[in-house]
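Reviewing the structure listed below.
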Amino acid sequence: WTWPRVPGRMHGVKKSSAPLSDEEKSAKAKKVALYKQLAGKLLEARNAVGGSRDVAVAQVGAEVLGLQAQLLRVNPDFYSLWNHRKEMLLAQQGASGSPEASRGAELGSIEACGRPPLSLEASALQSELQFTAECIRRQPKSYSAWHHRLWCVRGGGADLASELDLCKQFLEADERNFHCWAYRMQIVAMAGISPEEELDFTTEKIMQNFSNYSAFHYRSKILDVLHPSALGPEVLERLREELELVGQAVFTEPDDQSAWWYHRFLLDWGTRGALQAPRSEDDGQELGELVSILRGEVDQLEELIGVSPESKWPHSALANCLSFLARVLAHSGEHVESEQVLGNWKERVVSLMELDPERRGYYRSLLEKGSSVGSGSASLPGGETPPPQQVEVEDPGAVLPPHPPPLS
C-alpha cells in the first residue's frame, strides 16, 4: 500500500462560515444521529468486556474494530475509542497463545495502553499504520491519532524509514504541524538519527519557508544537544552561522515573528555559557570574540532598520542585542563601555514607546522595574552594580534599571 495523499496547507485557510440550507441541516442531523447511535453501541461494548483479554473478547474483536474504524474515520479525536481499540488489539494478541503474548497478558490494561507489552503481529501492525494514516489525513492535528500510531510503532516491527517518509509528506502539506514534528522527534530517537542530520533537515525546511516556526523551534532544541552551554570556539562559530541564517530570514521578511523568536533564542543561547560561568583568565579571547559577534549583529540590525524603519521588530531585536552586549562587556570587566551600550539601550527602548505606542506601558516597565516577560533577572553577572540612572520618559519618576533586560 502507499501513503495517502495529504490535504493542502492548513495555515491561513479560513473555514467556510456560509449558512447551511434546510437540506444540508437535515442531512447533518441524520449524520449526527447515526454517529451518536454508533458511539453508544461501541461504548456499551467496551463496558461489557471491561478491559478483559480472554479468548471470547478476542473473537468479537474483529467486529468491534471494524465499527471503531468507521467512527474514527469520521472523528479521529474520539480518544476513548482509541484506548478501547488498544485493548482489543492486545486481547487478540493474547489469544494467540504464544509465550510472549502470555507474558504480555499479565499486565493491566491501563499499563498496556501506555505502551504495548509486545509487538503487534505484522498484519495487525500494518493494518493499524494504514488506518491511522487515513485518520491523520482527515485530521492532521489529531492528538489521539498521532498517539495511537506512536503506540503501535513503539511495540517494534515498524519500518522507521517509512515513518520518516510519512512525516516528510505531511510536513510538505503543512510545515508547521507541530503534531507531526513531535512524532518525527520520537521516530528520530528510535531510528538513531544523528543531531547533525536533523539540523540539516531543519535547514532544508527553513530555506523552503522562513516562516516555519516549528522548524526554528526544533532547531533550537538540536543546538542545545549539539553544543552545551559552555563557551568555546565551536559555540562561537555556530553562533555566527546561525545569526547569518536568521539574518537571511529577517532581511527577507522583517515583520515575520518566527525568525525574530529564533534570533532572541540565539542571543540567549550564545551568551549563556559566558554569563552563567564565573569569569577566568582563560576566557579573555573567547569573550572578545563574543563581543565582536554581538557588535557585528548590532551593525546588521541598524542596517535593517535603515531599510525597514517602520517595522518594530528590528528595533526590538536591536535593544535586545544591546542588552546582551552590555552584559558581556560588564562580565569582561569593560564597565565604561558597558555603560555606553547601556545608554544606547535606553534610547532604543524609549524610541520603541513611540514606534509601538500600544505597548508603551510595557516598555516603560522595562525602564522602571527592569522586568521582562521570560527574561529572568535584569542584573549583569560580574563587576559592581552601578547606581540607577534617570531617563526622560512621560513619568518623570521613572528610573532605568542598572542593567537592561532583554526584550521579549
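The values are calculated or read from the model by the stated rules, or taken from the named source; none is laboratory data. Because the structure is predicted, anything quoted here is derived from the model rather than measured. All Cβ positions, glycine included, derive from the backbone under ideal geometry; neighbour counts span all protein chains shown. For accessibility, only protein heavy atoms count, side chains too; no ligands or nucleic acids. Shrake-Rupley method; radii C 1.70, N 1.55, O 1.52, S 1.80 Å.
What full-extension length gain, to one decimal in nm, is calculated for Glu121 and Ala191 as 0.36 nm per residue of separation minus the Cα-Cα distance?
That works out to 23.2 nm of additional length.
Order of 36-44, 171-179 by packing, highest average Cβ count within 10 Å first?
171-179, 36-44
Keeping all protein chains in place, calculate the accessible area per residue for the range 325-369 (probe 1.4 angstrom), answer in Å². Present the calculation step by step, with values, prior to reporting the outcome.
Numbers: 2010 Å² over 45 residues.
Spelled out: the 1.4 Å probe surface of the range 325-369, per residue, equals 45 Å².
Which value, in Å² and to the nearest 10, is the accessible area of Lys141 when all protein chains are kept and the probe is 1.4 Å?
Using a 1.4 Å probe on the heavy atoms, I get roughly 70 Å².
Add +1 for every Lys or Arg and -1 for every Asp or Glu among the other residues with Cβ under 12 Å from the Cβ of Gln68, and state the total.
Values: positive: Lys41, Arg46, Arg73, Arg85, Lys86; negative: Glu63, Glu87, Glu128.
Net local charge, Gln68 excluded: +2.
Set the Förster distance to 30 Å, then compute FRET efficiency between Asp200 and Arg295 from the Cβ-Cβ distance, nearest 0.05.
Between Asp200 and Arg295 the formula returns 0.50.
Report, in whole Å, the centroid distance computed from the Cα atoms of the range 207-282 and the range 130-165.
32 Å
Based solely on C-alpha atoms, express the radius of gyration and the Dmax of the range 194-372 in angstrom.
Calculated on Cα positions, Rg and Dmax stand at 16.5, 47 Å.
Over every pair of different alpha-carbon atoms in the range 147-246, take the mean of 1/r and invert it; report that Kirkwood radius in Å. List each step's numbers first, then the result.
Numbers: mean 1/r = 0.0686 Å⁻¹.
Roughly 14.6 Å, rounded to one decimal.
Calculate what fraction, in whole %, of the accessible area of the range 194-372 sits on carbon and sulfur atoms when a 1.4 Å probe is rolled over the protein chains.
Exposed carbon and sulfur together represent 48 percent of the surface.
Loop only by DSSP, 15 or fewer other Cβ within 10 Å of the Cβ. Give me the GluC sites (Glu not before Pro) in the range 282-361 that pass, ordered by residue number. Walk me through the intermediate numbers first.
Working: sites: Glu286, Glu289, Glu297, Glu302, Glu303, Glu310, Glu334, Glu337, Glu339, Glu347, Glu354, Glu358; in loops: Glu310, Glu334.
For GluC sites (Glu not before Pro) across the range 282-361 that sit outside H, G, I, E and B with at most 15 neighbouring Cβ atoms in 10 Å, the list reads Glu310.
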